[in-house]
Amino acid sequence: MALKKVLSIVLAGGEGNRLMPLTADRAKPAVPFAGGYRLIDFALSNLVNSGYLQIVVLTQYKSHSLDRHISETWRMSTQLGRYVASVPAQQRVGKSWFLGSANAIYQSLNLIHDANPDIVVVVGADHVYRMDFQQMVQQHVASGAKATVAAVRQPLNMANQFGVIEVDKNDPQKISAFVEKPAETEGLAADPTQFLASMGNYVFDADALVEALRVDAERLDTKHDMGGDIIPYFVSQGEAGVYDFTLNDIPGSTDRDRTYWRDVGTIDSFYDAHMDLISPMPIFNLYNSEWPIYTRQSISPPAKFVRGDNNTVGTALDSIVASGSVISGGIVEGSVLSNDVYVGPATRIQDSVLMDKVRIGEGAVVKRAIIDKNVKVPAGAAIGLDADLDRARGFKVTESGITVLAKGQVVPEPDASELALAAEYRLSVPEAIKAATEKFPEIRDSAEQVTKIQASSVEV
């Protein structure tokens, strides 16, 4: 098989309204994730690890921090024809901004013409997963399809949240129908409890994609969307194939995490994806050095755990703690701390996500919360313990009870009742350790298993 020239396009222009207030000041792909990463790092790392080193990132909405991250982090040798280029909306074909994901590529057709690729790989910028796109491209070329959609298996009750792929009964690699978010769908022949959902990742023959985008641009009955309009166009032509994500083989992966994929488009899914990282046997393993997730390295010093006032011990259990963080006599459980977080004495952080430079004052309690950058939580405050109190202070609270504070949001000084609420909730260090072992029975029941997990997760 002759080697194909591949151009990768990352769609990074969405607003991400369902992630508000985390997207109030930044594009969705620029939202921090897992301590030291941005969401876009997963898409870019997958492409680079796949050997695809000509990448353009289409941006639009509040893109400054995203553009800066790309320019500071994703640098390659242009002498070898390698690049990751951030491309803003430019109104090349009219006075409108991007009208949809397909229109974003249509307005940027000059990028395809300049690169002159055989194959175009199109991926979203806000999913958490590992994937070797080279394997998908190989199937696409071998199948003769003009377009191929990556599909992940999902439970039937989630059909109304995804683009649903129905396959040809005589050819399981060919799409017979593609429906956006139907009320219900049939299960797979191999597993009636699941269906194939679009991952938002596509492979196209370059000339076929250009023609499809031109046809779409001329239509009046279209939303100019890749999943809603372009893929159905190829399906109607009998030229759309499907790539089953379960076939993708990633070096260093395990049966537990090799097919992990999560759309972090809502606060709840964003939160859940963080919780997937911190168990002794993580559902998604950040420590796979054979398929690394790249990002900008912090210049912060190492994390530090020190005693606080009254000789209280700084402790972190089942947590991720990034560089520059200081836990000074506080207790952190089941949480993710980004760079330069400070946790003061006699505090308790439980099942939470704290982003860069968050400061937690002495005696404060934070539970089931996401706190964006630069927030200062005053001493004795209680966040995540009383939903009504949180809403009254202007914090967002999801239906599932996750409290979210926006970047730099001001937290009022606690009154007497809030101080009492925080004091009542705090646990001593021995009680906190006991609570953690009860949360994860495998720690209590099998020290040998934990030793094995630690040995396999970290190379010394």
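The values are calculated or read from the model by the stated rules, or taken from the named source; none is laboratory data. Only a predicted model underlies this, so the values are computations on that prediction, with no experimental measurement involved. Positions of Cβ are generated from backbone atoms using ideal geometry, with glycine treated the same way; all protein chains shown enter the neighbour counts. Each accessible area value is taken on the protein alone, full model and side chains, heavy atoms only, with ligands, DNA and RNA left out. Shrake-Rupley method; radii C 1.70, N 1.55, O 1.52, S 1.80 Å.
In region 34-64, which residues are open to solvent by less than 10 Å² (accessible area, probe 1.4 Å) and more than 15 Å from Arg130 (Cα to Cα)? Within region 34-64, Gly35, Ile55, Val56, Val57, Leu58, Thr59 qualify.
Can we say Asp388 is open to solvent by 10 Å² or more (accessible area, probe 1.4 Å) and either closer than 21 Å to Tyr37 by Cα or within 26 Å of the chain's Cα centre (by Cα) (or both)? When the stated conditions are applied, Asp388 does not pass them. For region 20-139, the helices (runs of 4 or more DSSP H) that sit wholly inside it and include 2 or more residues that are touching a residue at least 24 places away in the same chain (Cβ under 8 Å) and more than 22 Å from Gly228 (Cα to Cα) are 40-49, 64-73, 109-115. Among the residues of region 66-93, those that are touching a Lys or Arg at 6+ places or on another chain (Cβ under 8 Å) and of a type in the set (A, V, I, L, M, F, W, C) comprise Leu66, Met76, Val84. Applying the criterion of being within 24 Å of Glu424 (Cβ to Cβ) and part of a loop (DSSP other than H, G, I, E, B) to the residues of region 332-354, the residue that is most open to solvent (accessible area, probe 1.4 Å) is Ala346. Taking the criterion of being crowded, with 21+ Cβ neighbours inside 10 Å and β-branched (Val, Ile, Thr), would at least one residue in region 315-323 satisfy it? Yes, there is a match, as at least one residue in region 315-323 is crowded, with 21+ Cβ neighbours inside 10 Å and β-branched (Val, Ile, Thr). Looking across region 1-19, just one residue is without any contact (Cβ under 8 Å) to a residue 12 or more places away in the chain and part of a helix (DSSP H, G or I), and that is Asn17. The criterion of being buried (at least 18 other Cβ atoms within 10 Å of the Cβ), in contact (Cβ under 8 Å) with a residue 24 or more places away in the chain and part of a loop (DSSP other than H, G, I, E, B) does not hold for Asn374. The residue of region 163-181 that is farthest from the chain's Cα centre (by Cα), among those that are open to solvent by less than 20 Å² (accessible area, probe 1.4 Å) and farther than 19 Å from Ile119 by Cβ, is Ile165.
When Ile327 is tested against (1) crowded, with 19+ Cβ neighbours inside 10 Å; (2) within 15 Å of the chain's Cα centre (by Cα), only condition (2) is not met.
None of Ile320, Ile331 is at pLDDT 95 or above and of a type in the set (Val, Ile, Thr) except Ile320. For region 335-381, which positions are aliphatic (A, V, I, L, M) and touching a Phe, Trp or Tyr at 6+ places or on another chain (Cβ under 7 Å)? Listed by number, the residues that qualify are Val353, Ile360, Val365, Ile370.
Among the candidates Ala159, Ala150, Ala145, the residue that is touching a strand residue (DSSP E or B) at 6+ places or on another chain (Cβ under 9 Å), touching a residue at least 24 places away in the same chain (Cβ under 8 Å), assigned to a loop (DSSP other than H, G, I, E, B) and open to solvent by less than 30 Å² (accessible area, probe 1.4 Å) is uniquely Ala145. Could you list, in sequence order, all residues of region 13-43 that are closer than 21 Å to Val122 by Cα and among the β-branched types (Val, Ile, Thr)? Correct list: Val31, Ile40.
The listed residues are Asp205, Asp191, and the only one of them that is surrounded by 21 or more Cβ atoms within 10 Å (Cβ to Cβ) and either over 29 Å from Tyr294 (Cβ atoms) or not β-branched (Val, Ile, Thr) (or both) turns out to be Asp205. Select from region 355-371 the residues that are closer than 19 Å to Leu22 by Cα and open to solvent by 50 Å² or more (accessible area, probe 1.4 Å) and list them in ascending order. Correct list: Lys357, Arg359, Lys367, Arg368.
Selection of region 219-255 for residues being surrounded by fewer than 18 Cβ atoms within 10 Å (Cβ to Cβ), in a helix (DSSP H, G or I) and touching a residue at least 40 places away in the same chain (Cβ under 8 Å) yields Thr246, Leu247. Whenever a residue of region 380-396 is more than 15 Å from Ser417 (Cβ to Cβ), its partners that are open to solvent by 40 Å² or more (accessible area, probe 1.4 Å), lying with C-beta atoms within less than 7 angstrom and at least six residues away or across chains, give the pairs Gly384/Lys367; Gly384/Arg368. Counting the residues of region 208-218 that are open to solvent by 10 Å² or more (accessible area, probe 1.4 Å) and touching a strand residue (DSSP E or B) at 6+ places or on another chain (Cβ under 6 Å) gives 0.
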